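Trainee: Let me give you the structure first, and then I'll get to my questions.
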Amino acid sequence: MHDMSTHAAQHHEPTTFIRKHVFSLDHKVIGKQYYALALVAVFSGMVLSWIMRLHLGWTNLAIPGLHFLSANGAPGDVMTPEYYLQLMTMHGTIMVFFVLTTAPFAAFGNFFLPIQVGAEDMPFPHFNMMSFWVTFVAFLVLVSSFFVGDGPSLGGWTQYAPLSAVGAVGGPGEGLGTALWAISIAIFCVGQLLGSLNFITTTLDLRVKGMSMMRLPLSAWAWFITSCMGLTAFAVLMPACILLILDHVAGTSFFVPSGLVINDQLQPHSGGSTLLWQHLFWFFGHPEVYIAIVPAMGIVSHVLITNMRRPLLSHRVLIYCMGAIAVLSYMVYGHHMFVSGMNPFSSLAFSFPTLIITIPATIIVLIWTGSLYGSKLRINTASLFALGFVSMFVSGGVSGFFLAQPSLDIMLHATYFVVGHFHMVMAVAAIFGIFAGTYFWFPKMTGRMMNETWGKIHFWFSFVGAYCIFMPFHYLGIAANIRRYQAFVADYLQPLIPVHKFITVAALLTGAAQFIFIYNLIHSRFWGKPAPDNPWEATSLEWSTPTTPPPHNNFGDHLPVVYHDPYQYGVKSSVGDYVMQASPEQVATVNEEK
Amino acid sequence: MATTVHEPPQIDSRRRPGTSHSGNGGWRNLVPADGDLRVARDYSPPASSTGIWVVLFAVTMMFAALTSALVVRKGASFDWRHFTLPSILYFNTFLLLASSVTLEVSRRRVAAFMGGLRSQSESPARWLYITLFLGLLFLAGQYEAWLQLSREGLFLATNPSSSFFYVLTAAHGLHILGGLAGITYVIRKLSKSALRRSTLDATARYWHFMDALWVYLLLLLWTKL
């Protein structure tokens with residue numbers, strides 16, 4: 001074979017500023033760009049949640065300056081009910097797509113997957129560059145909806161038809177705002193498909209000599225499995241968005257039923273199926289939850305193993321469980337639709353796999369806790385956030401057992417119970433995964449250490465704060481506090497308002513604590529202690545690069561050769577209690593190597 | 001207790017790199033115990049040959065989603081109006097099938113050319129140009145089918161059946177455009193003598209897949225519309 005694919009992964013170091021930092025082909029720069037995008041997005045999303053929380057705690061509170069964001073949506077700085085829904089939609093969309101998908105998967109995956117498999121870059125660097133810039137354009141399109149027409153869409157991040165498909169008659173933002181939403185997400189899908197293509201081919205084809213699949217670190221496995229999920233999910237969401245756009249602007253009737261009257265106007269559509277949108281959306285939407293959480297699982301495993309200085313109880317079983325979650329994630333999506341009017345037998349059929357998917361998730365948690373038991377865990381910010389992830393994942397996951405059952409879900413559906421559940425199990429857990437990854441890999445990404453004291457303060461504020469915010473949500477949900485309401489005027493909701501006030505204060509404090517992180521990030525980037533090549537005494541290939549941060553082609557003149565399993569800790573070697581994957585040193589190990 | 005590097009090589013003849021397509025290192029340990037790394041040859045399949053299957057999988061998922069949407073939408077209510085497909089579609093199908101044949105011919109010619117079996121005086125790109133031409137003709141034919149339908153008063157929003165016709169043919173047409181871009185890229189690389197065999201193979205696989213996809217879509221439209 002004269003065309004070695006490794007050649008495809010080589011390109012010369014750029015010399016101009018634009019090619020080096022803006023339109024870069026280097027997977028490391030693209031990874032950092034994704035991280036920066038996620039950072040901007042997460043703070044935008046957080047500010048939106050602050051505004052919503054203030055309104056929920058103190059209804060009709062004037063929030064100074066809000067009218068600058070929208071003169072119509074917040075006359076006299078008091079938001080209208082519609083504007084609350086618009087902010088809620090944007091919060092959900094920004095967080096799910098541009099934070100939870102981009103940061104743990106695209107940002108860290110881009111930076112570290114090629115290095116962990118021993119490649120010099122991704123095989124299709126131009127597609128990789130496109131994947132970021134397409135995602136960036138998608139973000140701009142989405143955010144632009146704040147500033148055009150009557151603001152962003154109010155349909156929620158799920159954009160249920162028919163409201164999302166009828167156009168301006170559906171309410172403020174349902175015209176141009178929803179069109180921009182659908183266009184943005186369709187563009188986003190293109191970016192993620194290009195990214196998945198690169199991730200899959202990198203893992204399959206660019207592994208360095210000796211790097212068998214079972215020798216890949218768990219983070220690399222997680223990114224690989226996630227990219228397989230992303231490939232399947234985004235390839236379905238994209239045509240769904242296109243059909244939605246056509247209903248919206250071209251007058252087709254895919255999702256709008258006959259005889260629909262909105263605001264006393266008979267809609268000029270016929271015969272569409274509102275459930276069709278839900279099926280197409282949730283076929284993407286549920287795997288999307290795992291697209292957010294599986295990379296975080298991989299990162300957390302990677303961080304935990306390094307800090308507890310011994311391999312997991314089973315490397316292989318954890319990989320199989322992540323794979324099982326990926327496969328099952330396509331069979332459970334109907335649990336979002338228990339009360340949609342679909343056949344009750346379908347609910348039952350979707351309920352079983354939903355309960356089954358908890359088995360691999362539970363096994364993963366048991367592997368973590370079982371491996372942690374009796375280990376001498378090194379406490380640092382990264383390992384604390386990894387523990388925080390496990391805690392959040394378990395706490396949020398437990399409420400999933402309740403929601404998985406149609407009979408209970410009928411009552412809990414559309415209450416704060418669901419909001420508490422998914423924020424803990426998926427949103428905060430994944431964000432803790434991102435933090436664990438950041439504190440762990442920052443030295444390799446920038447060449448400087450992050451401040452541990454500030455890091456630990458950041459952790460405790462975030463950990464306690466997240467519980468203070470999201471645990472009461474479950475209580476509110478059981479008290480039948482319905483979600484997506486902008487004010488609680490009903491009698492039975494009045495006594496719950498103090499809880500909302502508590503949550504708002506907790507959200508403001510926890511959010512403010514994130515500025516500690518930003519300070520730490522920026523300060524450490526420029527003035528942090530210079531990082532050694534392998535500060536955590538870790539074993540995988542990213543710690544074997546000749547310089548820190550890695551040079552343009554990652555490994556300098558010689559590609560590494562892999563001699564060991566990814567997590568050979570607790571051994572006696574010349575460097576300490578570990579042996580690096582790329583070290584030819586012979587060591588005696590308890591575990592048979594693969 | 002097992003020592004790692006002293007273990008006997010876990011490579012058997014089936015596991016030799018180069019015979020499997022799972023990339024460098026395969027699924028098992030490929031570093032031999034005696035440290036003789038030459039045994040584990042530094043081989044991996046070209047990324048484009050794996051990548052094209054990844055692309056085709058995504059395309060399959062996309063059209064599967066549209067197919068299921070069509071089936072669900074058709075069953076959702078009674079407003080589905082049947083219409084006869086424009087006859088030019090059958091001619092277009094013939095064009096596309098022919099283009100696959102010409103692409104296969106060119107693939108073999110280019111391979112022979114790259115292998116030095118043909119003289120420099122022959123243009124290896126000729127059949128690629130013919131494929132390109134047939135592809136463009138197919139797109140023109142599809143456009144003509146749209147014009148015929150619109151003359152009959154069937155537009156995108158007229159009826160769900162016509163909506164799906166336009167959506168499916170447009171989506172397929174866009175993918176054909178991608179294939180034409182691929183063939184143009186191959187011709188350009190060939191003229192610079194910088195063509196990789198794997199690029200040509202991947203383009204051909206994509207094109208044949210588009211061909212098969214069109215036959216599937218035609219059957220779907222023929223039976224459902």
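Trainee: Report, ordered by the first and then the second residue, all pairs with beta carbons closer than 7 Å, sequence separation of six or more or different chains, a first member in region B:133-155 that is over 12 Å from B:I176 (Cα atoms), and a second member that is part of a loop (DSSP other than H, G, I, E, B) and not hydrophobic (A, V, I, L, M, F, W, C).
Mentor: Within 7 Å, the pairs are B:A145/B:P86; B:Q148/B:P86; B:L149/B:P86.
Trainee: While we're here: Inside region A:178-235, can you point out the residues that are in a loop (DSSP other than H, G, I, E, B), in contact with a Leu (Cβ under 9 Å, 6 or more places away or on another chain) and more than 9 Å from chain B (Cβ to nearest Cβ)?
Mentor: Across region A:178-235, the qualifying residue is only A:P217.
Trainee: Then there's this: Considering only region A:25-59, state which residues are under 15 Å from A:T135 (Cα atoms), buried (at least 18 other Cβ atoms within 10 Å of the Cβ) and small (G, A, S).
Mentor: Passing the criteria: A:G31, A:A38, A:A41.
Trainee: Of A:G437, A:G455, A:G433, which residue is at pLDDT 95 or above and touching a Gly at 6+ places or on another chain (Cβ under 9 Å)?
Mentor: Being at pLDDT 95 or above and touching a Gly at 6+ places or on another chain (Cβ under 9 Å) holds for just one of A:G437, A:G455, A:G433, which is A:G433.
Trainee: Can you tell me which of (1) outside any loop (DSSP other than H, G, I, E, B); (2) in contact with a Lys or Arg (Cβ under 7 Å, 6 or more places away or on another chain); (3) hydrophobic (A, V, I, L, M, F, W, C) is the one B:W80 doesn't meet?
Mentor: (1)
Trainee: Something else now. Looking at A:L244, is it over 30 Å from A:E542 (Cα atoms) and modelled with pLDDT of 95 or more? Explain how you work it out, then say what you get.
Mentor: Details: over 30 Å from A:E542 (Cα atoms): yes; modelled with pLDDT of 95 or more: yes.
Yes.
Trainee: Also, I was wondering about something else. Mind checking whether some residue in region B:95-111 is surrounded by 19 or more Cβ atoms within 10 Å (Cβ to Cβ), outside any loop (DSSP other than H, G, I, E, B) and within 14 Å of chain A (Cβ to nearest Cβ)?
Mentor: Yes, some residue in region B:95-111 is surrounded by 19 or more Cβ atoms within 10 Å (Cβ to Cβ), outside any loop (DSSP other than H, G, I, E, B) and within 14 Å of chain A (Cβ to nearest Cβ).
Trainee: Test A:G109 against the stated conditions and say whether it is at pLDDT 95 or above, surrounded by fewer than 20 Cβ atoms within 10 Å (Cβ to Cβ) and closer than 30 Å to A:V303 by Cα.
Mentor: Spelling it out, it is not the case that A:G109 is at pLDDT 95 or above, surrounded by fewer than 20 Cβ atoms within 10 Å (Cβ to Cβ) and closer than 30 Å to A:V303 by Cα.
Trainee: Can you name the condition, by its number, that A:R378 falls short on among (1) modelled with pLDDT of 95 or more; (2) part of a helix (DSSP H, G or I); (3) surrounded by fewer than 17 Cβ atoms within 10 Å (Cβ to Cβ)?
Mentor: If we test A:R378 against (1) modelled with pLDDT of 95 or more; (2) part of a helix (DSSP H, G or I); (3) surrounded by fewer than 17 Cβ atoms within 10 Å (Cβ to Cβ), just (2) comes out false.
Trainee: Then there's this: Does region B:66-87 hold any residues that are aliphatic (A, V, I, L, M), touching a helix residue (DSSP H, G or I) at 6+ places or on another chain (Cβ under 7 Å) and surrounded by fewer than 17 Cβ atoms within 10 Å (Cβ to Cβ), and which are they?
Mentor: B:V72, B:L85
Trainee: In this structure, is A:A512 assigned to a loop (DSSP other than H, G, I, E, B) and away from chain B (no Cβ under 14 Å)?
Mentor: Details: assigned to a loop (DSSP other than H, G, I, E, B): no; away from chain B (no Cβ under 14 Å): yes.
It is false that A:A512 is assigned to a loop (DSSP other than H, G, I, E, B) and away from chain B (no Cβ under 14 Å).
Trainee: Moving on. Against the definition (within 14 Å of chain A (Cβ to nearest Cβ) and assigned to a helix (DSSP H, G or I)), how does B:Y143 come out, yes or no?
Mentor: So B:Y143 does not fit the description; no.
Trainee: Right, next: Which of the residues spanning region A:500-531 are under 23 Å from the mean Cα position of the chain (by Cα) and within 14 Å of A:W454 (Cα to Cα)?
Mentor: Residues satisfying the conditions are A:A512, A:A513, A:Q514, A:F515, A:I516, A:F517, A:I518, A:Y519, A:N520, A:L521, A:I522.
Trainee: Here's a follow-up. Hey, among the residues in region A:181-199 that are within 18 Å of the chain's Cα centre (by Cα) and aromatic (F, W, Y), which one's surrounded by the fewest Cβ atoms within 10 Å (Cβ to Cβ)?
Mentor: Step by step, filter region A:181-199, then rank; the result is A:F188.
Trainee: Exactly one condition in (1) assigned to a loop (DSSP other than H, G, I, E, B); (2) modelled with pLDDT of 95 or more is not met by A:M88; state its number.
Mentor: Tallying (1) assigned to a loop (DSSP other than H, G, I, E, B); (2) modelled with pLDDT of 95 or more, A:M88 fails exactly one: (1).
Trainee: Output the residues belonging to region A:542-594 that are assigned to a loop (DSSP other than H, G, I, E, B) and of a type in the set (S, T, N, Q). Step through it out loud before you land on a result.
Mentor: Going through region A:542-594, the residues assigned to a loop (DSSP other than H, G, I, E, B) turn out to be A:545-568, A:570-577, A:579-587, A:590-594.
A:T545, A:T547, A:T548, A:N553, A:N554, A:Q568, A:S573, A:S574, A:Q581, A:S583, A:Q586, A:N591, listed by residue number.
Trainee: Inspect region A:309-322 for any residue being in a loop (DSSP other than H, G, I, E, B), within 14 Å of chain B (Cβ to nearest Cβ) and touching a residue at least 60 places away in the same chain (Cβ under 8 Å) and give the result as yes or no.
Mentor: yes
Trainee: A follow-up question, please. Just to be sure I understand, how many residues within region A:7-51 are touching a residue at least 40 places away in the same chain (Cβ under 8 Å), more than 23 Å from A:I522 (Cβ to Cβ) and touching a helix residue (DSSP H, G or I) at 6+ places or on another chain (Cβ under 9 Å)?
Mentor: 7
The values are calculated or read from the model by the stated rules, or taken from the named source; none is laboratory data. What you are looking at is a predicted structure, and each value in this text was computed from that prediction instead of being measured. Don't worry about glycine lacking a Cβ; one is built from the backbone with ideal geometry, like all the others, and counts go over all protein chains shown.
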